[in-house]
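Peer 1: For reference, the structure I am asking about is given below.
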Amino acid sequence: MQNIRKFILVLVACAAALAANAQTKTVTGKVSGSDGEILTGATLVTASGSYALTDIDGSFSIGAKDGEAVVVSYLGYDDYTFNAAGQQNLAVVLPLSANTVLDEAVAIGYGKTTKKEVTGSVVSLKADDFDKGSFTSPAGMLQGKVAGLTVTNPDGGDPNASFEIMLRGTNTLVAGQGPLIIIDGVAGADMRTINFQEVESIDVLKDGSAAAIYGTRGTNGVIIITTKRAKSGTTSVEYDGQVSVQTVAARATPLNAQQYTDVINEFRPTASGSLYGADTDWFEAITRTPVSHKHSLAIAGGSEKFSHRTVLNVEQNQGLQKGNDSEKYLLKTNLHQEAVQGWLTLDYNLAYTKRKYTPANYSAFRQAFLRNPTEPIYDETNTDAGGYFTIDAMDYYNPVAMLNEKEAYNDVDNFQGSIRATLNILPIKGLKWDNFISYGNERYESREYLTKYYPSALGQKGVAYISNSYSSDVQYESTLQYSNTFGKHSVQGILGYTFQETNSRSASMENYGFDFDQFKTDNIGAGAALQEGLASMSSYRSMSRYIAFFGRVMYNYDEKYLASVSLRRDGSSKFGAANKWGWFPAVSLGWRINKESWFEDAANLSDLKLRAGFGVTGNQDFSSYKSLLLMDPFSYYYYDGKWVTSYAPASNPNPNLAWERKNEFNVGVDFAFFGNRFGGTLDYYYRLTTNLLYNYTVPVPPYDYSKMFTNVGSICNQGIELTLFGVPVQKENFEWNTTLTLANNTNKLISFTNEEFTAGEYKVGYMSTPIGAYSQRLIEGQSLGTFYAPIWTGVNKKGEDTLEGASQLTGKVKEEDWKKVGSAYPILTFGWSNSFKIWKFGVSATFRGQAGGKIFNTYRALYENTSNLGQTNILASWLNDTSFKGKEVKYSTKYIEDASFLKLDNISVSYDLKLKNEYLKKVRLYLTAQNIFCLTGYTGVDPEVSLSGIAPGIEGTSYYPRTRTFTFGATLTF
Amino acid sequence: MKNIYLYILSALAFGMAVSCTNLDEEVYSYISQDNFFTSEEQVAIYAGRAYTSLQNWGSEQSWLTMDMLLGDEACAPINPEGAWNDNGRYKELQEHRIPTASKLNLMTWDFIFDGIAACNDVIYSLENSKFEFDGRARVLSEIRVLRAFFYYIAADGYDNVPFCIDKLDTSYPKPKDRSFLFGWIEQEVLENIENLADSRETNYYGRMTKGVANTLLAKLYINAPVWGQPAQYDKAAAAAKAVIESGTYALAENYKDNFIVHNETSPEAIFAIPYSTQYIESSDNAFCLFALTLSASIAKKKYSIGDGWYGYVGQPDFIQTYEEGDTRLTDTYLFGQMYDKEGREMTVSIKGAKDPVPYIIDPIFPEEDFVNGRTELEGAFLHKWEYQTDGLLTSYKISMENDIFVFRYADVILLYAEALLRDGKSLDGVALDGLKKIRERAGLEEITSWDLDKLYLERGHEMALEGWRRQDMIRFGTYQNTWWAKANRTPDYALLLPIPSEILNANPNLVQNEGYK
C-alpha cells in the first residue's frame, strides 16, 4: 500500500510541478534512517508538487518555496515533514517505522492487501527471510520457513532432482498433491524456470478461504512467487557470483574389499571363489568432488514512465556422479510502462531459460553399491565387453562401464512471455480493468546412446534413443478491480474471468544394431533393428482447458472489523460431460482486538487479531480424457495368416467423473508485542476432502480393467500451526532475529466406499522382492501411511529372524494377523531460523526437524543380510551385529524405524562493505554451508523421505548420496 | 476521444473473453468411440482383442507357469545366486500352500477374467453393431466359445467364480459354482459349434474351430466327476473321437516339431496361441520361458540371448520317472554337459573354486537345496520349446517366436484312450494306433496292455510343461502326494486355488473357498 501511496504522490507531484512558480529556492541535504542506514531512492514531495529522489549516498536537491512543507518518505520508515527555507546540507533522519511488518504487502491472489488486513491464513516471505546459499530451485529456500509446509528432496544431491512440496498433510490420493505455483501471475508455472536469487517475495496461501479464489486448483494451497520488478531511478547494476563444492553427507555404504574378504572367509567360506583379489572402491570410481558456479547479472533502472529490470543468469552445476552435469542459462526482462496520461499501465515479462543436463545414472550408483569390491574394474583380455571386467550374472553390471559407455543429454528450452495491461478508469477513483495474457512453452529433448560395450546392452551393437516433447500454455485473465475508502469504511472488490489452455505433444524413437558407435544418436536410421522391424517409435498429444468466473469483496471498518467473501465458478475439460462446472465459495472474517478503544491500555500489545475462515477448493490435477471411452491399439493378433493390430478401450471410462471437493475451516490469531518486536501466529484448521478421486478397484468383468478413476470416499486432515518470531537483541552493532515454526497434522481416511462401490480395504506400499510384502493399508478410520507388519522378536540360534505369533511350519505370520505399527506421518515438524547482524557481518542459521513418524528402512531390509553375499555386496552396517544370518528376508518391524530428526540446514556468514567508489558502491561477501548435520536415531541414509502419495515413509533406493554444500559468493553493486 | 476508443476496445475484449466457455476435450492419440465402429472390417477386427488376451497364457506369471510349479514336473528352488526366494513365493507353490495374497495366483485370475471381460465387450459390440456382414455369426460364435474356454479354466481352478456375461450390468457379479458352469459351458459350446470353421485352415490358425470346441468338450466331460458331476466318459470319448475323425489333424513326425521356433506348421496344433518376437512387445503378453529357466551364461553363450533369470528347473523325482531311452526326456529338460553355440564344451565358475569347472549339470539333486540354494551344477533347465539363436531376444525383448498349443492332437489321443478305459471299455484300434505312434516317435516300444497307471505316466511324459498337469494329477488322484521338496500331503481344500484377496476385496458378493478363510 505504501508503494501505491507513494506512486500516487509522485503522479500528483508530476502534474503539479508544471504549475510551480519561479520563487523556488533549492534545498539540499542527505536522508538517512534512524538506524544509520543511508537511504537511496527516498522520495521528497513538496505541497506545490515538485519532487525528487535521493541518490546513492542519500543526498538530494529539490526546489521549494520558503515555508512550504516537504514530505520525505521511504518504505519501512515513518514519513518526515520539514518546512523549506532554502537549507543546504540538511540532515534528514527518518524514524524506523514501528508498523512496517503489519503494513507489508501480502499477495492474496488477484490482488494484494496488507498483513494487518489479511483474513485468511497467509504467510508472506521476503528476501530477508530466505536461507542463503546455493539452490537449484527456489523451493529449496522454503524449507522450514512456513509452518505446515514441508519441502523435501527425496533424491539427494542430484542437481536435476525436483523438490516435493506438501502443505497441511495429504488431502488427495492420486490427483496432484503439490500446491499451485504462480510466478508473476502465471498459474501452474515451473519453479525451475526462474533463478532463486530473482525471488522478491513468496506468499503461501494456506487455508481454504485464502486459496478458494483459485478454485479447483487451490486444494493443496497456493504459492505465489513474485520476482524482482522493474524500478525507476538511476541504473543499478548488480552482479552476484558464487562457487560451491559438495561433499558426501550420507550414503548407503557397502563393505570395502578388506571387510568383504574377511566376511567371506569367516561366514561364507564356500563363496571364497568370488574373491578376485583386487581392491576397488566402486563408489569412488564413479564419483568426484563436484564444483559448481552460478553467475547473475541484474540491470535495472529507468524513468517513472518507463523502467526495466533485466537479468542474465548462468549456472554450471556438477553432480557427485561423474558426468552428471547441468547447465542453465536464463535471460529475463521486466518492463514497466505508463501511457495515456495515467490511464494505462503496462507490464511486460519476457523470460527464456535453457537447461542442458546429463541425467544421473541411478542404476550405476546401485551397481556400485552391489558390486564385489574384490573385482577389478578392467580386464584387458575381455575384449567382447570392451576391456571391462565382467561377470555373467543377472542384473549385475560394471558401473564404470555404465558411465563410460553411455552418452546422455537432455535439453530443455522454456519461453515465457506475458503482458499485463491495466486500464485505470480515472474518473472513478479506485477502479481499474486489468488484462493479463501469458504464453509459455517448453521444448524438451532427450538423447541417449549406449555403445556396443554398455553392460546391459551387450550384443545389441549400440542402442540409440531420442525423445522430444513440446508443451504450451496460454492464459488469459481479465479482472475488474475496485478499491476505495469512505471514511472508516474500506472496500476492495474484484470481478474476473480466466481462461487457460494447455497443449502437449511428444514423440520418441529407439533403434539399435549400429556398425559404428560414432553415430551416437545423430544417425538413428543407421541401426539394423529398423530393417528387422525391431526399432520402435511412438507419439502422443493431449490438451486440456480450464475456464473460471470469480468475484471477491473485501471490506473493513476502521481496520478493525475485516471481512472477505469470494465465489468462483470453475470449469475443467477433464470431467464428465455433466460435471464440468463447479462452485467454490469462501468467506473469512477478522477482528483486530487491539484497535478497540477498551483495549488500548495494554500498551505492550501492538497487534492482536482473530481470524476465521471457510473455503471450498477442488482438484483437477490429473491427466486428460478419463471420462471418455477411447480406443487404443492393444497389441497384435494373428488373423488370417498375418499379424494385425487389435484395439481395446484405453481405460474404463467414467462419464460421471466429478470434482474432488475440499472444505476447510481455519481459525487463527496473530499477535505481537513491544512494537512488533515479538509476536506470532497460531492457526487451527480442519480440512475435509470429499468425492475423493482414486483408481478404485472394480470387478472384471463387468468392467474391462480392474481400476477405474472415480470419486469415492473422503479424507480429513486437521492440525495446529504455530509461528513465533522475535528480535531478542537489538543493539547498534548486534541484532538477533529469530523465527520458530511448529506444525502438527493428523490425517484420517474417513471413508473409502459409497453406495456403488462397497469394497473398502486396500493394501499399498508394495515392497518388491526379496521383501515381497504390502507394507501399508488403507483402512477407514485410520491415517494414511499406516504400517502393518509382523512384530520382530529377535534372532534365533540358527541366525533367523523370529516373529511374534509365527507358524511353526513356515516361520511366518499370516497377513491377517500383522500388527498396526504406526503412521509414517510425523507428530510435529519444526523449523528454527536465526539471523544475526554483528557490525558489518550477517550470520544466519536454520534448523529443521520432525518428531515422530515411522520409516521403512529399505536399504537395511535389502542389504543388511548375507543371503546374497558372494554374488553381491552388503551393507557395512551388518558388521555391527552379525547374529542375523538368515537366508530369507522376512518383512517385519525389524526394518520399521522412528524417523525423528534434527537437521542444521544452513549456516551463512556475510560481510557488507560500502565503498566510496564512484563505480563500485557496495560489496557483499558470503560463505554458506548447507545440510551440515542430521541428528537422528534412524539408521538409513536420510530420515527425511517422501511423505506424499498413498504410501509415504518408505526410503526410496535411489542410491544417490545426500550431499553437503559449501558456497562462497560475492555480490557487487555498481 | 481516446477514452471512447478505450471503452469500445474494452467492451469488445471483455465480450470476447467471456464468450469462451467451451470445455470439450479434443482427442488426438486415441480413436473416439464414435469414429471407431464405422466399417464392417473394423467391427470384425475388434474381435481380435479377445484373442489378444489369450497371449497372457504363457507369460512370466501366468496360468502356464503356475501350472508348472503346482504340478510335479518343474520347480523354482533358490538359485546359485541366492535369488528366487521372493519371500517364499515359490516354496508356497511347491508345497501347495498358496496364500490368498499370492501374486502369481492373482495374475492367473486376472488372465482369465480379463479374457472374459474382453469377450463380453466384443460380443456386446458385435451384437450392437449396425453392420450386417458375412461371417458375423461365426465371429460371434468363436468369441462365445472362447469365453466358455475361459470359464472352463476358471471353474477348474477356483470353482465358485463371479459370473458375468453382460457388459452393461455393472452391479457386483454373483458367484456360480462348477455345477452351474458345467451345464452353461456345455450349452455354450453345443449352441455354437455348428457355426465354427470346420478345420484348421491357415486363416483359422489361432482361432476357435470345431476341433477346439470338441477338445474343450472332451476335457470338460472327462473331468465331470472332479467337478462333482456324474461321470460322462462316453461323451468325452465321443468328443475326442470327433476330433480324431475330422481328419484335420495328425501326429507330427517328430515330437520336437511341436516346439520348434516356427512350429505353426505342425499338424498337431488344434488350439494354438501364436506368439511373435517382433509383434508382441509387452512383457505381460510374452511367452518367455527361456528367461525363467536359463542362466545368464547359458543364455548368452548357447543361445545369444541377452539375459536369463535362472529360476525354473526340472523336478528331480519327475525326471526319474522317464523310461530308459525316452527321447522326450532330453527334449524337455537340458542337463549333462553344456555346450556353447559353436558346440564347444562349456565351463562355469562356481562358488568355492578358484578356476572354472566343466559345466556338467546333474538333474538329480538334494531336496534341501530347494531352500538352501542349488549350485551351478544342479538342476535341469527347461527347454521343451526350442530357444531362438537369432539374437533377437534380449534382457528386455523377451517374447519368444514359438507358438503354444493349448490343445494338441496327442493330448486328444491320450484323452480318448483314457475315456475308454475309465468307461470300462477296451482300447479300440484308433486309440491303440495313436498311442503306438506317440511312443514310437519317443523311441519307445509299443504297449499293448494299457491301464490307467501306464496311461498316467505316458500322459505325463508326453504333455510335460504344457499347462494341464495340475488338472491331470487331480483327476488321477496324485496331486495330493508328497514328492521332491514337498514333504506334506496336499490337504483336500487345496485342490482348489484361493480367490485372490484383491479380488475378494473388490467384490462383496464373493466368498473365499473353504480352507483358505
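Read-outs: derived from the displayed coordinates by stated rules, not from any lab. Being a predicted model, the structure only gives us computed values, none of them experimental. Methodologically, a virtual Cβ is constructed for each residue, glycine included, from the backbone with ideal geometry; neighbour enumeration extends over all protein chains shown.
Peer 1: Using +1 at the C-beta of Lys and Arg and -1 at the C-beta of Asp and Glu, which of B:Ile305, A:Gly940, B:Asn56 has the Cα lying farthest in the positive direction of the dipole of the protein assembly as shown?
Peer 2: After comparing all options, I get A:Gly940.
Peer 1: Positive end of the charge dipole of the range A:159-265 (Lys, Arg +1 and Asp, Glu -1 on Cβ, about the Cα centre): tell me which of A:Gly215, A:Val204, A:Val263 has its Cα farthest that way.
Peer 2: Going by the Cα projections, it comes out as A:Gly215.
Peer 1: When you count, for each residue, the other Cβ atoms within 10 Å and take the mean per peptide, how do B:284-294, A:566-576 rank with the highest first?
Peer 2: On the way: B:284-294: 24.2, A:566-576: 22.0.
Output ranking for B:284-294, A:566-576: B:284-294, A:566-576.
Peer 1: For chain B, take the longest principal axis of its alpha carbons; what is the angle in degrees between that and the long axis of helix B:409-422, to the nearest 10 within 0 to 90?
Peer 2: 60
Peer 1: Return the Cα extents of the range A:837-930 along principal axes one, two and three, sorted largest first, each rounded to a whole Å.
Peer 2: Ordered largest first, the range A:837-930 gives principal extents of 75, 32, 19 Å.
Peer 1: Note down the Stokes-Einstein diffusion coefficient of chain A in µm²/s, whole number, using a Kirkwood radius over alpha carbon pairs, 10 °C, and 1.306 mPa s.
Peer 2: On the way: Rh = 31.5 Å.
Here the translational diffusion coefficient equals 50 µm²/s.
Peer 1: Right, something else. Run the reach check for A:Lys840 against aspartates and glutamates, Cα to Cα strictly under 19 Å, same-chain hits fewer than 8 apart removed. What comes back?
Peer 2: List returned: A:Asp35, A:Glu37, A:Asp57, A:Asp128, A:Asp129, A:Asp131, A:Asp240, A:Glu732, A:Glu735, A:Asp912.
Peer 1: Taking 8 Å as the Cα distance limit and 6 or more residues as the minimum spacing, I'd like the relative contact order of the range A:416-499 as a percentage.
Peer 2: On the way: 165 pairs, mean separation 23.6, N = 84.
This gives 28 percent for the range A:416-499.
Peer 1: Calculate the FRET efficiency for A:Leu809 and A:Tyr766 from the Cβ-Cβ distance with a Förster distance of 25 Å, rounded to the nearest 0.05. All intermediate terms of the calculation are to be shown ahead of the outcome.
Peer 2: Details: r = 25 Å, r/R0 = 1.00.
The value I calculate is 0.50.
Peer 1: Further question: Can you give the Rg and Dmax of the range B:399-508 based on its C-alpha atoms, in angstrom?
Peer 2: 17.6, 56
Peer 1: At q = 0.16, 0.17, 0.25 Å⁻¹, what is the base-10 log of I(q)/I(0) for the range A:553-638 according to the Debye formula with one equal point scatterer per Cα and no solvent? Please give it to two decimals.
Peer 2: For the range A:553-638, the Cα-only Debye profile gives -0.79, -0.83, -1.16.
Peer 1: For the range B:444-499, what is the charge dipole size about the Cα centre, in debye to the nearest 20, if Lys and Arg each add +1 at the Cβ and Asp and Glu each add -1 at the Cβ?
Peer 2: 420
Peer 1: Here's something else I'd like to know. For chain B, what's the relative contact order in percent, using C-alpha pairs closer than 8 Å and at least 6 residues apart?
Peer 2: 20
Peer 1: Can you list the lysines whose alpha carbon sits under 21 Å from that of B:Lys256, skipping same-chain ones fewer than 8 residues off?
Peer 2: Output for B:Lys256: B:Lys302, B:Lys341, B:Lys384, B:Lys436, B:Lys437.
Peer 1: Once the Cα atoms of helix B:103-127 and of chain B are each reduced to a long axis, what angle between those two axes, in degrees from 0 to 90 to the nearest 10, is obtained?
Peer 2: It works out to around 50 degrees.
Peer 1: Counting only helical runs of four or more DSSP H residues, what would the 222 nm mean residue ellipticity of chain A come to if each run contributes -39,500 (n - 2.57) and the total is spread over all its residues?
Peer 2: Helix-only estimate at 222 nm: -2000 deg cm²/dmol.
Peer 1: How far apart, in nanometres, would the label points at A:Phe267 and A:Glu800 be if each is projected 7 angstrom from Cα along the Cα-to-Cβ direction?
Peer 2: 1.8
Peer 1: Next question, about the same structure. Beyond 19 Å between alpha-carbons counts as too far, so tell me which of A:Lys354/A:Lys406; B:Lys300/B:Lys397; A:Lys126/A:Lys837; A:Lys126/A:Lys432; A:Lys126/A:Lys731 fall in that bin. All intermediate terms of the calculation are to be shown ahead of the outcome.
Peer 2: On the way: A:Lys354/A:Lys406 23 Å; B:Lys300/B:Lys397 14 Å; A:Lys126/A:Lys837 17 Å; A:Lys126/A:Lys432 27 Å; A:Lys126/A:Lys731 23 Å.
In this structure, A:Lys354/A:Lys406; A:Lys126/A:Lys432; A:Lys126/A:Lys731 lie more than 19 Å apart at Cα.
Peer 1: If you take the beta carbon distance between A:Lys126 and B:Ile8 as r and set R0 to 30 Å, what does 1/(1 + (r/R0)^6) give as a FRET efficiency, to the nearest 0.05? If you can, show how the numbers build up before the last one.
Peer 2: Values: r = 42 Å, r/R0 = 1.39.
Taking R0 as 30 Å, the efficiency between A:Lys126 and B:Ile8 is 0.10.
Peer 1: Along the positive direction of the dipole of chain B (beta-carbon charges: Lys, Arg +1; Asp, Glu -1; about the Cα centre), which of B:Pro267, B:Gly206, B:Ala487 reaches farthest?
Peer 2: Looking along the dipole axis, the top candidate is B:Ala487.
Peer 1: If only Cα atoms are counted, what is the Rg of the range A:458-569, and what is its Dmax, in Å?
Peer 2: Cα only, the range A:458-569: 28.4, 84 Å (Rg, Dmax).
Peer 1: I'd like the mean, over residues of B:80-92, of how many other protein chain beta carbons sit within 10 Å of each residue's own Cβ.
Peer 2: Taking the mean over all residues of the peptide, I get 6.
Peer 1: Could you give the radius of gyration (one decimal) and Dmax (whole number) of the Cα atoms in chain B, in Å?
Peer 2: Here Rg and the maximum Cα pair distance are 26.5, 115 Å.
Peer 1: So, with +1 on the Cβ of K and R and -1 on the Cβ of D and E, and no other charges, what is the size of the charge dipole of the protein assembly as shown about its Cα centre, to the nearest 20 debye?
Peer 2: On the way: 137 positive and 174 negative charges, 1184 e Å.
The dipole magnitude comes to about 5680 debye.
Peer 1: If r is the Cβ-Cβ distance from A:Trp343 to A:Ser162 and R0 is 45 Å, what FRET efficiency results, to the nearest 0.05?
Peer 2: For A:Trp343 and A:Ser162, the calculated efficiency is 0.55.
Peer 1: Something else: Could you give the spread of the C-alpha atoms of the range B:157-237 along their three principal axes, from largest to smallest, in whole angstroms?
Peer 2: Rounded to whole Å, the extents work out to 40, 35, 20 Å.
Peer 1: Over the range A:35-152, what number does the Rg to Rh ratio reach, with both radii from the alpha-carbon atoms and Rh per Kirkwood?
Peer 2: On the way: Rg = 19.4 Å, Rh = 17.4 Å.
Here Rg/Rh amounts to 1.11.
Peer 1: Taking every alpha carbon pair in the range A:166-233, what does the distance histogram look like in 5 angstrom bins from 0, in percent?
Peer 2: 4, 17, 26, 22, 16, 9, 4, 2, 1, 0, 0
Peer 1: Can you give the relative contact order of chain A as a percent, counting alpha carbon pairs under 8 Å and 6+ residues apart? Don't jump to the answer; show the numbers that get you there.
Peer 2: Working: 2697 pairs, mean separation 105.6, N = 974.
Relative contact order, chain A: 11 percent.
Peer 1: Would you please put A:103-114, A:485-496 in order of how densely packed they are, using the mean number of other Cβ atoms within 10 angstrom per residue and starting with the highest?
Peer 2: A:103-114, A:485-496
Peer 1: What do you get for trypsin sites (Lys or Arg not before Pro) in the range B:301-347 restricted to DSSP loop and a cutoff of at most 10 other Cβ within 10 Å of the site's Cβ? Mind showing how you got there, number by number?
Peer 2: Details: sites: B:Lys301, B:Lys302, B:Arg328, B:Lys341, B:Arg344; in loops: B:Lys341, B:Arg344.
Counting only loop positions with at most 10 other Cβ atoms within 10 Å, the trypsin sites (Lys or Arg not before Pro) in the range B:301-347 are B:Arg344.
Peer 1: Give the Kirkwood hydrodynamic radius (Å, one decimal) of the range A:280-405, defined as one over the mean of 1/r across all pairs of different Cα atoms.
Peer 2: Numbers: mean 1/r = 0.0537 Å⁻¹.
Roughly 18.6 Å, rounded to one decimal.
Peer 1: When every alpha-carbon pair in the range B:319-402 is counted, what percent end up more than 17 Å apart?
Peer 2: So the pairs more than 17 Å apart make up 62 percent of the total in the range B:319-402.
Peer 1: May I pose another question? Cα axis of helix B:210-222 to longest principal axis of chain B: angle in degrees, 0 to 90, nearest 10?
Peer 2: 60
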